[in-house]
Each structure stands twice: as structure tokens, then as C-alpha cells.
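The values are calculated or read from the model by the stated rules, or taken from the named source; none is laboratory data. Just so we're clear, the structure is a prediction, and the values are computed from it rather than from any experiment. Here the Cβ positions follow ideal geometry from the backbone for every residue, glycine too, while neighbour counts run over all protein chains shown. Ligands, DNA and RNA are excluded from the accessible area calculation, which covers all protein heavy atoms including side chains. Shrake-Rupley method; radii C 1.70, N 1.55, O 1.52, S 1.80 Å.
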Amino acid sequence: MTTKNLINYENSHNHINSSKIKNANEAIKMKELSLKPLSQPNVMLEAEIITPDNFSGKSVDEIKQLKVWKGNKEVPLSDFFQVEGETTNSPEETRIVIEGSIPKTKRVGEGMTSGEIVIKGNAGMHTGALMRGGSIFVEGDVGAWSGAEIRGGKLHIKGNADNYLGAVYRGEWRGMRGGKIIVEGNAGGEVGEWMRDGVIHVKRDVGSFVGVHMHGGKIIVHGNADERVGAEMTGGQIIILGKANEILPSFRFDEEIPSIEVEGETYEGPFLKFVGDLAEAGKIKGEILVLKKNNSHLIKLFLF
Amino acid sequence: MDELIIKNGFVYDPLNNINGEQLDIFIKNGKIVSEVGADATVIDAKNKIIMPGGIDGHSHIAGAKVSMGRLLRPEDIRRGVRAKTKITRSESGVSVPTTFSIGYRYARMGYTTVFEPAMPPLKARHTHEELADTPIVDKGAFPLLGSNWMVFHYLKQQEIEKCAAFVAWMLNATKGFAIKLVNPAGLESWNWGGNIRDIDTPVEFWDVTPREVITGLAKVNELLGLPHSIHVHFNNIGRPGNFKTTIESFDACRENKNPGVERNQVIHGTHIQFNGYGGDSWKSFASGGLEIADWVNKNDHVTLDVGQVVFSNTTTMTADGPLEYYLHTLNHLKWTNGDVEIETSSGVVPLIYKRKNPVSAIQWTIGLELLLGIEDPWKVMLSTDHPNGGPFTRYPEIIAWLMSQEYRNDTLKSAHKRAGKRSGLATLDREYSLFEIAIVTRATQAKALGINYMKGHLGVGADADVAIYDLDKESKDPKEIMKAFSNTLYTIKGGEVVAKNGEIVSTPMGRTLYLNVKVDPSLENTMLKEFSDIFRRNYSVNMANYPVQPIPSYLPLPKEIKLDATHVA
């Protein structure tokens, strides 16, 4: 694929969801609902109920009475959160602000389709998993499986993400299918496992197996990547601006590319382009692009 | 136990030739009776439909490959979740649901008896353990004998009596209900990495052809006088053009029926949709459903179940190992192969039937062509070959397709255009009546499986398994039909109300139906001597792994059907 083709490819995969939401947010006035964590439970709290879709059309008192699972018991949301603010009838106009860290609260924003969630602290596992639209902003870190199997919307994490960011749940072969995930810190292992579409940005380092089984979409790692980048990938692109610890021997060096453009932003190269994973069956179109200046160790291995 | 009267409902009981008459049903001690006491509980079924409890003659609900499917597809277990109640356990899974979910879901649909059609003999205990964990429904299992070395051995030696003694021993040991053949002789070939695609190719080393296995075991079946006929999954399944193999196999099997049995057929062909393909490649793939239907209309020695495809994300699982491998090479999804001491094989591959996929859409037409094209509903059973054509929970949709031509045509229009071009479905204007629905979901099964004296009807003496549906008997509205058949108003199992308005209200343990076939003891001893000798030389485990002990963890409520075949000597 040439640079020109790359740009076309990018244009054809523009993310309608995020741009739509941005415009929508400008037009409508969001009503804010604040959830102040009182304490965190001793066992995990399953709080997939916290989404704009579930909160819209309910009064504050009704929201307080919504049930969350604490271990094997159902408890009202108000046991763990002080709920205040305004509610609306439409999820698009609902902004949920969680005023603190909730590391033991799982599945916040799971499956949400619109609206906004802001978490002013750390969030637990599965944050924003299965999202279809809207946006989530986390000021701190998130637990494992955040943004798993998302199909649309935007998940922005200021801190670090644990393993399985934007990955797929066990057994499924159709992973992230759209939307955008941005992590400003580090991410753990198996970022974007079985990814099919959408974009993941990790501003710092990622663990091993980034983009494992990837079929489509883009992962941009601004820092370094650990071992086995793109293992068993058959499509999509992994771009590494830092150092890739290794490129698997089942990848082939394709060409050198001067610069690439992703979502309107140009990254100056030159980049080394690898195609693989050739150990897989069928048509192999997976691409790993690594910045040449940070990856001289690969030149030795693949080019000579 | 409570006495019950179901009053004023419209009764559809094909085995007793009752077609929508308003009758009262009396239940006492788990049986249908002619009258009950004055203080019996009354269920008012005015303007409702009453049918005998449904019978599924072919549904993969327990055993080695079902467990393998659950392991292979954790993503399926995430779907279909329903919280536990005071009475029920939690449910999960759609195409490979948990054992408990299976029992509850069948009961909600008004089904009360289910047969697991592929039990590897050495996994009989495992199968029965899972069946014991499947609540409410009565059940049975068919041991796989179509690629068994002892069967080959005796057929080759033409010692049909010894073969019968072996089959009888196997049915007794595994607590089986009927003889199942999967890809006869082909699975032996799979042990060498091959397959057999037509019925006259002999298997390596044994030099036995599928034709010989089918006719041989049919002979054995009739010699023993088993309630069901042989239950055959034909060779060359899942390949374009295989409808010819189906007709050849049906045609090959014209053994004389044992006069002692009531059923009409000597061979039951299973999930014929998968064996009803026309064309000669995937490009020219077409339906062969009407060709088979035509043939079946002219021949009376067969019954079949359709294995209807419904558009769904499902799991294919079969004892046909080579088929699953072939499927994996087509759809590139995950695959697993199972082997049980090379007596039989198995495989599992996920599959998604999409409306807009030409092959899926044509497959969808074939089952309906069979159901609509075969004039006599007593020859055909409704099934999806759960979960191969789709989960059994989608039966109401099939019923709606059968009862409403309009709904069928709407679906045909929404499907890939090749479905209309390469099948004759659009030309079929038949619409099933409720009476015919009752035949293909209950009565055919009861008769063909030889349990029509106790199941599948509402005459005096029958098991009190009753389904009451909330449906206007003149209704042709597909939505109403689907709603009514998805959740009964009442399901009564063994005289007890188990489901009400789609909620499970009690979870009694179902019975396990199995045969106890007695053959001449001296013949059995001779056979056992030879069997144990061959077994010891060729197997890696002990023969004591076969027998399922009559203990509650395997057979919590045994229902033994005794057969005297001592004339076999």
C-alpha cells in the first residue's frame, strides 16, 4: 500500500460516530448528573446500570433506587453513590459526572449509545465495554477490559489502561468494530485483540501482543511496544512510533514509507512497513509500521 | 398428586384423530384418565389450544460434543442470560445452553420429551450425567454404532444374529434407546484422515460399504424389533449435489419391517436439509428439497426430520468429524475435533446463518420445502437438528413459516435472491393447519420412535404431558403464532404444571427412556467372548467403561422399556 492509498483508506474509514457526537454536543445543552462515591465496596460492584441510556427519563430518586450487584446481592445505587443534579428525557443530553475514584466499580458505561460520562478519578474493569456511541472521559486509570468490543463512541483515558484495552471477550472472534479509544498513559497486554475497525491511540507504551488476531482498524502506539506485535493478524494497521521490541519472523519486510497520515494527522517517517502474519491462512493484509529511527535493531534482522 | 381438569379447550390430538374439538382433559396420578373427583383443580382453557406435550426426536442436548461446544464457545454462554428464580437456576447460552436452560426452555415451549441422537458408547455415562442434570423433560439417547468395529466384523462375517446380540448388549450397557448411524463407515475412514462420499465405496481395511452397514443394521433393528427404526445421518452430508446420496441411501434400505412394531418406517433419515443439496459446486449450489420430497411421497418405508435452518449465530456439532473439518475449511472459524477410542468421532465449528448469504438462504428453503413438499405429515418431523440448523428455541418461527405463506414469502424476499431462484419454495402454497403442526411436532415423533402408547397423544392411559397455547385457532398472524408457541399458557408434565405464562413454576426431574433388550443367553455369551477378545486387543481402555450403572447420578428416574428378543439365537 502506498502513502496515497493509505490516505484513501483512512478517508473511507472516517469515524462518523465521534464527529457526530461532537457536533451534537455543541448544539445541545447537556444536563449534568453528579454521582459522588461514598465508599468503595469490599467486593466488586457490577454497575452496568450507570449509563446515560439508563438514567435518562428517570428522576434523581428513581436513579438512587436503581439496583447494582454487590457480589451476589442487589443493592440500591444510593448505597455507594450520592446522586445529585438534573435529569433529562434524552440520553444525548445526559452527562454523568462521577466525582472521584471508583476502582472497584465495574462496567460503568457498558453498552451506552449516547451521552457522556466523566469519571474524575480511577475507574474499574470493563469501563465503556460494548459501547455503541457517546463518550467517556476518565481522568485517572482504568482497569482491564476497558473498551472491550466497542462499536462506536469515544473512550478517552488520561491515565493508564490495564490489559485487554479494546480487546475481545473470551471466545468471540469479532472484536472492536468502531469508535475511538485514546489512552494518554501506558496500556497493558493484548491491546485491540481481534480488532476489526476503529482507532486506538496509546500515547505511551503498550505491553505484549498488541493487535493480536487483528483483522482491521488501526492501533497507534506513540511509545514502545513489547513482544509479539500483531501476532496472528490478518488485516489492519499497527503503527509504532517508539521502539518495537521484536517483529515476529512470520512477518515480511515490505517497503519504506516516508510519512503516514491517520485521521488528518501526519506522522513523519521514514517508517518500515512489515506485512503479516504469514503464519495465518488466507489473504494476509496486516501491516506493522515502525518508525525507522527508533528501530535500527529490526533493520539488521530483516534487511540483511 | 393433584387431580386436574383442563376445561373447554380446543384439542389437537392427531394420534386419536381429534382435530380441534372442544374436549375436557382429566389428569390423575400423572396419567390421562377418563374422569376425576369433584375437588380436582380446574384449568380453564376456553378459546385456547391444547396439544400433547411436544417431542423432539433429534436435538443435541447432552454428551461429549455438547460439552465440547460449550468449551469452544464461551462467547455463546454470554448470550441468553436469565437470572435465577426461587425455583430455577440461572440460564445462559443460546446455541450451547447449560443443561438447566435446556430443560426450562423446552418446557416453556410446551415440549416434554427430547432425544439426544448421538451418544458415543464410551461416553454414555457422561451423556446420562448431563441428561440427569436436564430438568423437567423426559429424555433418551441413541448410541452411535455406524462405524463400530464389532458391527463391521459381524457384517463382514454375515453373522447378523451375533451382530444383533452385540447391538442389544450395547443398547443395554449404554442405556440407549435406538441405533444411530452417523456417516456410516465414513467415520472409520476419518480415523485414517479420509471420508466416504457415496454409499458404495468400501472403507479401508474392513472392506465394508456404507450400504452394507445401513442395510445390515436395519436388519438387526428389525430382527430385535426395536421401537424406533435405525436413525441415520447419511454419507456425503453438507456437500452440493448430495440429495442423490440421500435418495440412494433411503432406497438401499428396504428391509422387512418387524411385524411386532407399530411404526411404518424401517429407516429414519435425520436432518435431511443438510443432505438435500442440489448443484455440483458451491457456485451452482441449489436446493434438492423437492426432489427428496417427491421421492418420499412415493415411498412409505421412511421417515425423516428436517434440520431446518433459521437465521442465527449457532454452533454446528456432529459425530461426523470429517464434515466439521470441511466446514472449518470453508468458514475459517475455530474448530475442534473429538475422538472416542476411534469408535466414533466428533467435531464442533461455530456457524452464522445470514439472510443475505446465498448458501444460508438456500439452506433455509430446503427444510421448508421438505416440510411442505412431503404430502403426508406422518413422515416428517420438525427439527433444527439443534444446534446445527439453529437453536431449538426458534421452532415457533418455523411453525409460523409453515402456517403462513405470506410470512414465508416475506422472509424469502428479505433473504438473498438466489434463495428464490434456486429453490421451489415460492411455488408452494400449502399452509399447515394446527392439526398438521401437532403431527410434525409430536405425533410423528411418538409414532416413529415407537412411544405412541405413552407419549404424543391425550387418550386415556397416556402420560399427562400437555401443552396449552394461548392462540386463536383461526389465527394466521405470524406474530401471534410465534408468541403463542414460544411460551405456553400452561405446560403440564407428568400431571404437574411446570410452566405457566412462560414462567417455570416447578422443576420435577424427567425420566430417562431406555431399552432393555433380551436376546438368547448362549448367543450373548458367544458374542461377548469374541467381543471382549477383539476389544482387549484393540482398545486402550477397559470394557467396563461401557455400562451405565442404574444409580441415581446416571438415571435419576429410569423408565425401562423391556423387549424380548430371545428368538434371536
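Along the range B:204-216 the Karplus relation, 6.51 cos²θ - 1.76 cosθ + 1.60 evaluated at θ = phi - 60°, assigns HN-Hα couplings of 3, 6, 7, 6, 10, 9, x, 4, 5, 5, 4, 5, x Hz to successive residues, with x for each Gly and Pro. Over the protein assembly as shown, the alpha carbon radius of gyration divided by the compact-protein estimate 2.2 N^0.38 Å works out to 1.05. Loop-located trypsin sites (Lys or Arg not before Pro) in the range B:225-324 (DSSP state not H, G, I, E or B) with no more than 14 neighbouring Cβ atoms inside 10 Å: B:Arg254, B:Lys283. Convert 25 °C to kelvin, take the viscosity as 0.890 mPa s, use the Kirkwood radius over C-alpha pairs of the range B:421-472 as Rh, and evaluate the Stokes-Einstein diffusion coefficient in µm²/s, rounded to a whole number. This corresponds to a translational diffusion coefficient of 186 µm²/s. According to the Kirkwood relation over distinct C-alpha pairs, the hydrodynamic radius of the range B:374-431 is 12.7 Å.
Highest mobility in the GNM of chain A, judged by mean-square fluctuation with C-alpha springs under 10 Å and restricted to A:Thr234, A:Thr94, A:Thr266, is found for A:Thr266. Rounded to the nearest 500, the 222 nm mean residue ellipticity of chain A from helices alone is -3500 deg cm²/dmol, with -39,500 (n - 2.57) taken per DSSP H run of at least 4 residues. Over all other residues within a Cβ to Cβ distance under 10 Å of B:Gly347, the charged ones net out to -2, with Lys and Arg as +1 and Asp and Glu as -1. With R₀ set to 22 Å, the beta-carbon distance separating B:Thr41 from B:Thr85 gives a calculated FRET efficiency near 0.50.
The helix-based estimate of mean residue ellipticity at 222 nm for chain B, built from -39,500 (n - 2.57) per DSSP H run of four or more residues and divided by its residue count, is -9000 deg cm²/dmol to the nearest 500.
Grouping the Cα pair distances of the range B:1-68 into 10 Å bins from zero gives a pair-distance distribution of 19, 38, 22, 14, 7, 0 percent in increasing distance order. Summary of the geometry: the range B:133-150 and the range B:498-541, compared by the centres of their Cα atoms, lie 8 Å apart. Across all Cα atoms of the range A:253-304, the radius of gyration (one decimal) and Dmax (whole number) stand at 12.3, 34 Å. Sort the range B:117-223 into rounded, prolate or oblate with this rule: let a ≥ b ≥ c be the square roots of the eigenvalues of the Cα gyration tensor; rounded if a/c is under 1.5, and if a/c is not under 1.5, prolate when a/b is larger than b/c, oblate otherwise. Here the range B:117-223 falls in the prolate category.
Using a Gaussian network model of chain A in which every pair of alpha carbons under 10 angstrom is joined by a spring, one finds that among A:Gly217, A:Gly198, A:Gly159 the greatest mean-square fluctuation is at A:Gly159. Under the shape rule built on the C-alpha gyration tensor, where the axes satisfy a ≥ b ≥ c, the range B:335-375 is oblate, since a/c reaches at least 1.5 while a/b does not exceed b/c. Taking Cβ atoms as reference points and 15 Å as the exclusive limit, the residues near B:Pro396 contribute a net charge of +3, counting Lys and Arg as +1 and Asp and Glu as -1. Report, as a whole number in µm² per second, the diffusion coefficient that Stokes-Einstein gives for the range B:412-569 at 4 °C and 1.567 mPa s using the Kirkwood radius over alpha carbon pairs. Rounded to a whole number, D works out at 62 µm²/s. With K and R counted +1 and D and E -1, the other residues having a Cβ less than 15 Å from that of A:Ile288 yield a net charge of -3.
Largest accessible area first, the listed residues B:His153, B:His386 line up as B:His153, B:His386 when surface is computed with a 1.4 Å probe on the assembled protein chains. Pairs exceeding 18 Å between alpha-carbon atoms, taken from A:Lys67/A:Lys120; A:Lys120/A:Lys158; B:Lys180/B:Lys219: A:Lys67/A:Lys120. Each part gets one Cα centre, and for the range B:316-361 versus the range B:364-424 those centres are 22 Å apart. Which residues does a label at B:Leu333 reach in the range A:174-208, if reach means a backbone N under 14 Å from a point 7 Å past the Cα toward the Cβ? Within reach of a label on B:Leu333, which here means backbone N under 14 Å from a point 7 Å along Cα→Cβ, the range A:174-208 contributes A:174-175. Applying the criteria of a DSSP loop state and at most 16 other Cβ atoms within 10 Å to the trypsin sites (Lys or Arg not before Pro) of the range B:9-89 yields B:Lys46, B:Arg78, B:Arg79, B:Lys84, B:Lys86. The equivalent ellipsoid that matches the C-alpha gyration tensor of chain B spans semi-axes of 34, 29, 22 angstrom, in descending order.
How would the range B:209-348 be classified by its alpha-carbon gyration tensor: rounded, prolate or oblate, with rounded meaning a/c under 1.5 and the a/b versus b/c comparison settling the rest? In terms of gyration-tensor shape, oblate.
Of the cross-linked pairs A:Lys29/B:Lys356; B:Lys28/B:Lys500; A:Lys106/B:Lys86; B:Lys244/B:Lys559; A:Lys273/B:Lys354; B:Lys28/B:Lys48, those separated by over 31 Å at the C-alpha level are A:Lys29/B:Lys356; B:Lys244/B:Lys559; A:Lys273/B:Lys354. Given R0 = 60 Å, the distance between the Cβ atoms of B:Val541 and A:Lys29 translates into a calculated FRET efficiency of 0.25. Put simply, the amide H of A:Trp194, placed in the peptide plane, has neighbours under 5 Å in A:Val212, A:His213, A:Met214, leaving out anything fewer than 5 places away on its chain. Per-residue 3J(HN,Hα) values for the range A:30-46, derived from phi via the Karplus relation 6.51 cos²θ - 1.76 cosθ + 1.60 with θ = phi - 60°, read 7, 9, 9, 10, 9, 10, 9, x, 7, 7, 9, x, 6, 10, 5, 9, 9 Hz in sequence order (x marks Gly and Pro).
The separation of the range A:95-128 from the range A:196-224, counted between C-alpha centres, amounts to 22 Å.
Taking amide hydrogens as placed 1.01 Å from N in the peptide plane, the amide H of B:Val380 sits under 5 Å from those of B:Leu304, each at least 5 positions away in sequence or on another chain. If R0 equals 51 Å, the separation of the Cβ atoms of B:Ile342 and B:Asp477 corresponds to a calculated FRET efficiency of about 0.45.
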